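The values are calculated or read from the model by the stated rules, or taken from the named source; none is laboratory data. Just so we're clear, the structure is a prediction, and the values are computed from it rather than from any experiment. Here the Cβ positions follow ideal geometry from the backbone for every residue, glycine too, while neighbour counts run over all protein chains shown. Remember, those area values only see protein heavy atoms, side chains included, never the ligands or the DNA or RNA. Shrake-Rupley method; radii C 1.70, N 1.55, O 1.52, S 1.80 Å.
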Amino acid sequence: MALAVGCAPVNTDPGSEVERTWQQALVFFPKRFSYLRPSEISVRDPHPTVVYLHGCTGITGQDIFWATTLAQAGYAVVMPNSFARHHRRKNCNPRMTSMGLFPEALRMRDEEIRHAVAMLQSSPWVDVKNLFLMGHSEGGAAVSRWYGHGFKALIISGNECRAGIPAPHGAAILAVEVLCPTCITLPT
């Protein structure tokens, strides 16, 4: 079955590569001490929800920290696992400060956002009027490139904004730890 989110079709086939990122997602809820997988969720009351995209090395302790912090603040947090795909490779080598090692990564991350939005639209635990998109590092790059709809705000952590941010009209943007010397001019 395919759903349309924005202008592109979304593959919701249970065996698809993008569906794996959803099946292996970590979902955090307020007042819970551990994460769940989407198939384990029995919560029925709607929560404001953050789709959180991890960085180029996968889900780390920093990502778990963000998710639990947001959950403690009253948000449900969904972390699709980009590395659940069979042929997904790292796009960086933090030790060598190398980036762009897997050029398909950003296209895949965009597909993961579209798929997550489609899945969240029919989830009873999601307040669809209060969806937020957050990403760190490679995930932040994907958020900064997001031009689709469905989110009240975009949160970018640890990423450059070389080409600007084509956010949907009316969406708020928060950029944290943005390495962007050409985007911000400080008074001298």
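Overview of results
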item: Subset of the stretch 120-140 [surrounded by 23 or more Cβ atoms within 10 Å (Cβ to Cβ) and on the phi < 0 side of the Ramachandran plot]; result: Leu133, Met134, Gly135, His136, Glu138, Gly139, Gly140
item: Selection count where residues are of a type outside the set (A, V, I, L, M, F, W, C), open to solvent by less than 20 Å² (accessible area, probe 1.4 Å) and not in a helix (DSSP H, G or I), scope the stretch 141-157; result: 2
item: Residue match in the stretch 105-128 (condition: modelled with pLDDT under 80 and farther than 23 Å from Ser42 by Cα); result: yes
item: Qualifying residue in the stretch 40-48 (condition: crowded, with 21+ Cβ neighbours inside 10 Å and at pLDDT 95 or above); result: no
